[in-house]
Each structure stands twice: as C-alpha cells, then as structure tokens.
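What follows draws every value from the coordinates through simple rules; no lab data is involved. Values in this document were obtained by computation on a predicted structure and should not be read as measured data. Positions of Cβ are backbone-derived with ideal geometry, glycine not excepted, and every protein chain shown enters the neighbour counts.
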Amino acid sequence: MEKWTEEISPQHSLLDLKLKEVWRYKDLLLMFVKRDFVTFYKQTILGPLWFFVQPLLTSLMFLIIFGRIANISTGGVPQIVFYLSGVTLWNYFAECLNKTATVFKDNASIFGKVYFPRLVMPLSIVVSNLIRFGIQFFLFLLIWAWYYWQGSNLQPNTTLLLIPYLLLLMAVLALGLGMIISSLTTKYKDLIFLLTFGVQLLMYATPIIYPLSEIQNSSPTIAMAIKINPLSAIVETFRYAFTGSGSFSWVLLGYSSAVAFFVLAIGAIIFNKVEKSFMDTV
C-alpha cells in the first residue's frame, strides 16, 4: 500500500508544536537563518561590524547619560561592563520578540504559496539571533576580560554554568510573547505600532541601566514591581555570574522559568489556532 510522504490535517492538538515535522524541515530552517543573517548587513558600509557597533554605541550612550550625567550607581562594577552585560542579553530578547511578533505579516507571501510547518519561521528567528548574540557576547567577553586583568572589582563565580539556561529562558520568553503578538496582529494591526514602544518600556522595567540592589535600597515597593518582571531575574543572574555584584535568587529564577514556559504554552496554543486561518485576515 502506497504511503503519503506528507499529510496535512486540519485537526490537531493546540499544544502540539509538531517538532518532528519541524525536524524534517531543518534544512529550510537553516536556509531562513542564513537569509536573516545575510540580509541584516547586505548593502551596508560596515557590514557585519554593525553587530559590534550597535551594542557598543548603546552602552556608551547609557554610560554618558545614566552613568555620568544622572550619576546612577552600578554597584562598584565598571560602567561599560555593567551596561554592556545588560545590553548584550537584552538585544537578543528584543530582536527575537520584535521579529517573531511580525512573522505572519512579514512572510505572508511565502505562507500563501507553499506548505511547511509555520513554527519553522519563528524558530529560525530565534536561531539567527543566537548567532548575533554569540558575536556580541564575544565582544562583551573581550571587554570584561580586559577589566578583569586590570584588577577591577569583578568576581566571576559558578553561576556562569547557568548562562546557557538563561539564554534558553530569554529565547522561550521572546518566542512565546512573539507568537502571541504575531497571532493577534493578524486581526489587530494596531498592536504593531505599540510593539516598539512597549519593548522600550519593558527595557526600563528591567535592570539594564541600574542594579536591582540600588532600587531595593531606595524603594522596596518599586523593586518588588521590577521583580515581577520575569526578565529581571535573568538579567541579574547573568550580570552576577560575571561580576559577583548584584543579586542572585533561585526563587526568582524559578519564577522566571515558570512564567517563560507558561507564556510559551499559551503562545503555542494561540499560534496553532491562528495559523489555520490567518491567510484570510492578514
């Protein structure tokens, strides 16, 4: 009896991410990763150097505005190391979220012509941004190592072993939130205009430009509100691993983990529901 090589069914569990099917399309996923990586610096003067320039310029701007003018303490950590650690991790989250949130709109022409597991597209965004993170993380390591050998107050510790897990949490949160927003924007396109503004607000609600310990000392109420943000524990743990400064809590990291995977589950349900009919509304 002849067996079908491909079977598309209208009925499946809303929590089914079709990971086996995604694995069969791994070559397509890698092609999308290459496309995203190449088109980022195509027809630019500096090319791949933008991966280094962007976090450096952002960190220097933070250093001047928040470090020198506003005189916000960095808890004894060299300012450029403090800001670059937060910016490096934040860039990965923000890029994944922004691009995943518009994946249906940006790729409607592809989705309407050929079938492939729709999850391949947001996964390719997470993977391609992982390459960019690796480049920017290398830059951070170089600057961190220079200050470390200069005798600055940097105390790396065993929390460094959690770095891959922290990156996974960032990817899971960005993927989950992105799938939710991308599903909603098929009907409510106004959300696209609010996305950039919302990501900026979220950055200031995350300890990127200030240590959580300083907020805890000055305003415990605001500090509690910041801790509710699941990104806060991830950023604080990342910075604590390299500098020994700030705070690390298994409880807060467990909370961030629970929120991240819950958001991913909700995102998978909404994404699977919308992908069946989004071409009619996008």
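Please rank 139, 97, 264, fewest neighbouring Cβ atoms within 10 Å first, as an exposure proxy. Mind showing how you got there, number by number?
Working: 139 17, 97 25, 264 21.
Placing the least packed residue first, the sequence is 139, 264, 97.
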Provide the per-residue ³J(HN,Hα) series for the range 126-133, in order, calculated from phi with Karplus coefficients 6.51, -1.76, 1.60 and θ = phi - 60°, each as a whole number of Hz, with x at glycine and proline positions.
-> 4, 6, 5, 6, 5, 5, 5, 4
Ordered by residue, what ³J(HN,Hα) values in Hz, to whole numbers, does the range 138-150 give under the Karplus form 6.51 cos²θ - 1.76 cosθ + 1.60, where θ = phi - 60° and Gly and Pro are x?
-> 4, 4, 4, 5, 4, 5, 4, 4, 5, 5, 5, 6, 7
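What's the exposure ranking of 52, 32, 197, 138, going from fewest to most Cβ atoms within 10 Å? Write out the running numbers ahead of the final one.
On the way: 52 15, 32 21, 197 9, 138 12.
Arranged by neighbour count, lowest to highest, 52, 32, 197, 138 become 197, 138, 52, 32.
For the residues 179, 203, 224, what sequence is obtained by ranking on other C-beta atoms within 10 Å, fewest first?
On the way: 179 28, 203 17, 224 11.
Going from least to most buried by this count: 224, 203, 179.
Kindly flag which residue pairs out of 105/227; 26/227; 34/273; 26/273; 34/227; 20/227 have an alpha-carbon separation exceeding 30 Å in this structure. Kindly include the intermediate steps, with their values, before the conclusion.
Working: 105/227 33 Å; 26/227 37 Å; 34/273 28 Å; 26/273 23 Å; 34/227 37 Å; 20/227 36 Å.
Those over the limit are 105/227; 26/227; 34/227; 20/227.
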Residue 142 versus residue 38, label points 7 Å from Cα toward the beta carbon: distance in nm?
-> 2.6 nm
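Take every Cα pair under 8 Å in the range 105-233 that's 6+ residues apart, average their separations, divide by the length, and report that relative contact order as a whole percent.
On the way: 31 pairs, mean separation 24.7, N = 129.
Once divided by the residue count of the range 105-233, the mean separation gives 19 percent.
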Sequence order, the range 239-253: Karplus ³J(HN,Hα) from phi using 6.51 cos²θ - 1.76 cosθ + 1.60, θ = phi - 60°, Hz rounded, Gly and Pro as x, gives 5, 5, 4, 8, 10, x, 9, x, 9, 9, 9, 5, 5, 5, 5
In percent, what relative contact order does the range 61-154 have, based on Cα pairs under 8 Å that are 6 or more apart in sequence?
-> 40 percent
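Starting from 0.36 nm per residue, how many nanometres of slack lie between residue 26 and residue 188 once their C-alpha separation is accounted for? Can you show the working numbers first?
Working: separation 162, 0.36 × 162 = 58.32 nm, distance 3.12 nm.
The span from residue 26 to residue 188 would gain 55.2 nm if fully extended.
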Using the beta-carbon distance between residue 218 and residue 265 and R0 = 41 Å, what value does 1/(1 + (r/R0)^6) give for FRET efficiency, to the nearest 0.05?
-> 0.65
Distance in nm between label sites at residue 71 and residue 152, each 7 Å beyond Cα in the beta-carbon direction?
-> 2.2 nm
